1. Would you check which residues across the stretch B:26-41 are surrounded by 12 or more Cβ atoms within 10 Å (Cβ to Cβ) and either in a helix (DSSP H, G or I) or free of Cβ contacts under 8 Å to residues at least 24 places away in the same chain (or both) and list them?
2. Taking the stretch B:437-481, which residues are surrounded by 16 or more Cβ atoms within 10 Å (Cβ to Cβ), more than 19 Å from residue B:315 (Cβ to Cβ) and touching a residue at least 24 places away in the same chain (Cβ under 8 Å)?
3. Name the residue that is farthest from residue A:193 (Cα to Cα), counting only residues in the stretch A:217-271 that are polar (S, T, N, Q) and in contact (Cβ under 8 Å) with a residue 40 or more places away in the chain.
4. Residues in the stretch B:305-312: is at least one closer than 25 Å to residue B:195 by Cβ, at pLDDT 80 or above and out of contact with any Phe, Trp or Tyr (no Cβ under 8 Å at 6 or more places or on another chain)?
5. Looking only at the stretch A:21-39, which residues are touching a helix residue (DSSP H, G or I) at 6+ places or on another chain (Cβ under 9 Å) and assigned to a helix (DSSP H, G or I)?
6. Name the residue that is farthest from the chain's Cα centre (by Cα), counting only residues in the stretch A:57-89 that are under 28 Å from residue A:188 (Cα atoms) and surrounded by fewer than 20 Cβ atoms within 10 Å (Cβ to Cβ).
7. Of all residues in the stretch A:111-166, which are outside any helix (DSSP H, G or I), within 12 Å of chain B (Cβ to nearest Cβ) and crowded, with 20+ Cβ neighbours inside 10 Å?
8. Would you check if there is a residue in the stretch B:3-25 being crowded, with 20+ Cβ neighbours inside 10 Å, of a type in the set (Gly, Ala, Ser) and within 19 Å of residue B:109 (Cβ to Cβ)?
Amino acid sequence: MFGRYRGLADEGVLGLNKRNGDYILRFNPRRLYPLVDDKLKTKRLALAAGIAVPQLYGVIETQHDIRRLPEIVKDHPEFALKPAHGSAGDGIVVISGRSSHRYRTISGTLLDDDFLSHHLSNAINGQFSLGGVQDVVIVEYMVRFSPLFERISYQGVPDIRVIVYRGFPIMSMVRLPTRQSHGKANLHQGAVGAGIDLASGVTLDGVVGTQVVTHHPDTTHAISGLKIPDWDVILDISARCYELTGMGYIGVDVVLDRDLGPLVLELNARPGLAIQIANRQGLLRRLKICDERANFSAPAAERIAFAQREFCHPVGPVLATQTVASVA
Amino acid sequence: MNNRHIYVLSAVLALIGLTLFAYKSQVLGFPLQPQEQTRVWTVEAAVRFDPGPAAVKATLRIPNLTPGFSILDENFISRGFGHATRSAPAGRESQWTLREASGPQTLYYRAQVYRDASRIAEDTTPPFPERPVLDEPSRIAMEGLIAEVRRQSADVASFTTELLRHINHAERDPYVSLFMSRGSANADAAELATIFLAGAQIPARIAHGIQLRSVTGPVQSQQLLEVHDGVQWLYFDPKTLEQGLPPDFLIWWRGDEPIASLEGGGNLDVTLAVQQNLLDSIVVAERRAELTGSHAMDFSLFSLPIATQAVYAVLMMIPIGALVIMLLRNFIGVKTFGTFMPVLVALAFRETRLLWGIVLFAVIVSLGLLIRFYLEKLRLLLVPRLTTVLTVVVLLMMGISVLSQKLELQPGLSIALFPMVILSMTIERMSIVWEERGASEAIQEGIGSLLVAAVAYVVMGIAWLEHLIFVFPELLLLVIAVSILAGRYTGYRLLELWRFKALAPSRSGP
């Protein structure tokens with residue numbers, strides 16, 4: 001057991017305690033949380049900063065507003081409903097079509113008006129928000145995902161997660177929905193996570209849970225070796241999200257739209273650690289490289305250059321041998 | 001906030017906690033074990049006399065300076081007598097007075113004493129005694145004896161022993177027999193020794209006391225010779241010449257006078273009796289703290305009413321339960337519903353016992369979940385739905401209680417303390433996780449919560465721990481110290497070693 005502990009420490013694997021204690025508590029001030037926890041605020045900030053996000057159609061703020069839904073989506077047969085404070089994709093409904101009074105979700109289920117109203121009122125009452133506080137529902141553009149990922153995802157929208165440490169993109173992965181995850185890009189539910197080489201934007205092998213997979217379980221196509229288009233744009237908008245929020249340790253979720261290119265879906269102030277498994281690399285090593293050599297006041301372009309230079313997969317051990325993760 | 005600050009803070013907290021703990025357990029004698037008992041002796045003096053026609057004044061000498069023992073409690077029992085205690089050269093005196101009395105009278109003095117090693121004869125160094133006033137032949141005999149004994153001895157202790165030996169063999173010793181023939185024929189060994197010691201300028205006095213036995217019944221008072229060697233009092237048995245205070249010997253009064261005296265009456269008779277009993281150590285410690293003027297008791301839970309104490313006996317264990325959960329979550333990595341929900345469930349287990357608690361929890365949560373899934377179909381708003389679930393939970397609990405009453409199952413009745421609101425929230429959270437993340441995740445977290453609750457229950461139920469925390473609440477400072485330290489633990493959680501096993505280099509398997 002101690003051997004494994006040592007082994008993980010040597011590999012620079014970031015544990016929950018260390019992530020919380022040394023990075024989130026230190027670099028993500030509590031007062032900034034609303035900026036990322038409220039997707040509506042994030043969206044408005046991003047728009048102001050010129051970062052591309054899915055277009056906002058409307059906001060459902062009260063029980064009364066629910067009736068306004070048909071009016072909001074009058075010109076948009078396809079749209080997504082998102083609780084502004086939802087976490088991990090909870091409560092998101094994506095509608096890809098309508099027939100008379102029914103809505104068809106992306107997975108093909110038909111929902112009647114009644115069901116959708118109930119769902120919306122649950123969301124407004126805070127069923128999906130942290131701590132059950134009152135919430136609002138965002139009605140926005142439904143991302144038409146790029147055909148690029150069609151071969152390695154099952155329904156749903158694959159999204160790209162980039163961990164940004166004080167403005168430096170340090171690790172990224174793509175989350176590919178599977179049948180098991182009900183078309184959701186959620187690793188907990190069985191989506192495939194595949195690391196992305198930060199330097200080139202080419203995918204690596206994937207993992208389901210903690211198991212390494214080389215092919216998508218549903219489509220059986222090889223996961224690795226896919227070059228993600230607009231990779232430099234993705235890195236650029238991710239890096240700029242640091243200035244957007246001021247938070248030093250965030251996960252930026254980006255989707256690739258067929259027509260609009262990379263769009264920022266949401267920011268996460270407590271990004272998960274599974275990205276390490278997807279990349280088969282510890283985050284700590286990269287965090288330390290940043291701490292040792294990075295110029296934190298550099299502009300975004302310089303930061304990206306640094307990241308692409310330093311974090312070319314695989315990243316070797318930190319030169320200065322340091323004891324990491326000692327028992328406090 | 002750097003780590004040194006954290007270390008210093010927790011070290012200070014731990015130090016304060018441990019110091020208070022050590023003081024209370026070692027100095028004040030608070031028991032470290034539950035139901036620990038201390039031997040306590042009840043000593044009693046019964047003073048009987050026949051009053052004369054006029055006013056009566058009875059004086060009883062009572063214990064005061066009792067090396068090795070402390071008085072827990074004392075009382076004076078008399079009917080109609082005026083009563084006062086005062087200090088006197090012999091120690092303390094209790095005085096009973098009555099203007100007119102008829103028929104034989106009995107007065108009682110009763111005291112509870114317990115062993116107290118910290119109590120030593122702390123009275124001041126006595127002045128040099130005055131030389132006894134004697135006639136010429138006696139004085140010559142005394143000086144001769146002193147000169148001879150001094151020749152045979154090295155210090156005060158050996159002088160006293162030698163002197164007592166001479167006195168005990170009076171018939172063979174010319175000086176002593178001469179001395180005794182000059183008018184001190186009735187004096188006993190101890191009295192003679194004090195006279196001779198006074199002649200040799202050594203402070204000495206007679207101590208009267210009783211042997212504290214485990215057998216209940218009357219005891220005879222015994223004499224000890226106390227001699228001051230310039231530093232401390234030494235004790236000698238005048239008959240056996242043994243030095244030192246015999247074990248379980250309670251010094252009652254000092255001096256040549258008898259234990260009691262009477263004015264205005266006759267047939268004075270004093271009987272002493274002793275009885276041993278066991279008393280909760282806590283009572284003794286409390287009393288001791290009170291007597292020593294310590295403030296430890298002022299902040300003790302024992303100053304609260306009994307009913308409140310019972311509540312605190314439980315409340316004080318909640319931090320321990322929270323500590324267990326903290327360890328399980330942050331060091332092991334067990335997932336639970338709600339941070340401290342398992343503590344409350346563990347508290348409920350106290351009433352139901354573990355097995356029944358788990359069964360009841362499982363039954364209520366699964367029935368609640370069924371209802372919740374049905375309610376999902378009705379598409380109720382969140383708060384009304386929660387209210388419904390809560391009400392259903394209460395009804396379920398009532399149903400279980402009534403059913404178990406019919407089936408004569410006792411544990412079903414103790415369900416009342418089950419935290420219903422917490423259960424309702426658990427049901428709600430669980431059903432959402434069930435829907436959003438799948439059944440396996442929900443059941444996993446549910447079992448995790450139950451497991452953590454069970455562990456917390458077992459730890460919180462350790463009687464010894466409960467006793468320690470209740471008697472020494474300062475130990476909770478240690479809990480804070482540990483929590484603060486744990487708050488800066490940034491190492492891996494145990495379950496993460498498995499979660500990230502794919503990342504561990506293959507060379508270092510477990």
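The values are calculated or read from the model by the stated rules, or taken from the named source; none is laboratory data. Not measured: the values here are computed from a predicted model. All Cβ positions, glycine included, derive from the backbone under ideal geometry; neighbour counts span all protein chains shown.
1. B:27
2. Answer for the stretch B:437-481, where residues must be surrounded by 16 or more Cβ atoms within 10 Å (Cβ to Cβ), more than 19 Å from residue B:315 (Cβ to Cβ) and touching a residue at least 24 places away in the same chain (Cβ under 8 Å): B:445, B:446, B:448, B:449, B:450, B:452, B:454, B:455, B:481.
3. A:245
4. no
5. Once the filter is applied, which keeps residues that are touching a helix residue (DSSP H, G or I) at 6+ places or on another chain (Cβ under 9 Å) and assigned to a helix (DSSP H, G or I), the stretch A:21-39 yields A:21, A:22, A:23, A:32, A:34, A:35, A:36, A:37.
6. A:78
7. A:125, A:127, A:128, A:129, A:135
8. No, the stretch B:3-25 contains no residue that is crowded, with 20+ Cβ neighbours inside 10 Å, of a type in the set (Gly, Ala, Ser) and within 19 Å of residue B:109 (Cβ to Cβ).
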